[in-house]
1. Any chance you could give the angle, 0 to 90 degrees and rounded to 10, that helix 58-77 forms with the longest Cα principal axis of the chain?
2. So, in nm, how far is label D29 from label L91 when the simple model puts each one 7 Å beyond its Cα toward the Cβ?
3. Taking K and R as +1 and D and E as -1, what net charge do the other residues with C-beta under 15 Å from the C-beta of F17 add up to?
4. Once Cα extents along the principal axes in Å is worked out from the coordinates, which option in (1) 58, 29, 23; (2) 48, 24, 23; (3) 37, 29, 28 does it equal?
5. Helix-derived [θ] at 222 nm for the chain: sum -39500 (n - 2.57) over DSSP H runs of at least 4, divide by residue count, nearest 500?
6. So the label point goes 7 Å from the Cα of F79 along Cα→C-beta, right? Which residues of region 1-44 then have their backbone N under 15 Å from it?
7. Would you mind checking the tilt of helix 87-111 against the longest principal axis of the Cα atoms of the chain, expressed as 0 to 90 degrees and rounded to 10?
8. Run the simple label-point estimate for I2 and L68 please: 7 Å along Cα→C-beta, distance reported in nm.
Amino acid sequence: MITVFRCLSLLWMGAIFYLSSLTGRELSDLPVVNEIIGHGFLYFVLGLLLYFSFRKRQGPLTILTAFLYGLSDEFHQSFVPGRTPEISDLLVDTLAALLAVCLLTGVGKFRR
C-alpha cells in the first residue's frame, strides 16, 4: 500500500511541476480561485500523499519533503516566463503540508 502512495506522490509532484511550467499568461487562463488557495490545495494533497508514503517519522519527513519540493518548485519558476519565485508561496506550501500532517496525526490519536 505504501508503494501506491509513493507512486501517487510522484504523480502529484509531476502535476505540480507541470503547473509550474506554465507561463504567467497560460496560468492566468486556468480557473484558479486564488494563488494562495491553489498552492494550499496542491501542497495539502501532497502532504496527505507523502504522509502515507513514509512508514516512520511520517510528520517530519512529510514536512521536510514538501518544503524541499516547494523550494525546488520556486527555483524552477524562476526560469519560466512571467513567473517569479516567491517566499510567500513556499511558506503556504509548507504550511499546507503541515496542516495535512496535523490533521492526520490528530485523526490517528482520536482513533486510538
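1. That helix lies at roughly 10 degrees to the long axis.
2. 3.3
3. Computed value for this residue: -4.
4. So the structure-derived entry is (2).
5. -27000 deg cm²/dmol
6. 17-23
7. The answer is roughly 20 degrees.
8. For the pair I2/L68, the computed spacing is 1.7 nm.
Each reported figure results from applying straightforward, stated rules to the coordinates on display, with no laboratory input. Predicted model, so just to flag it, every value in this text is computed and none were measured. Glycine also receives a Cβ, built like all others from the backbone with ideal geometry; neighbour counts cover every protein chain displayed.
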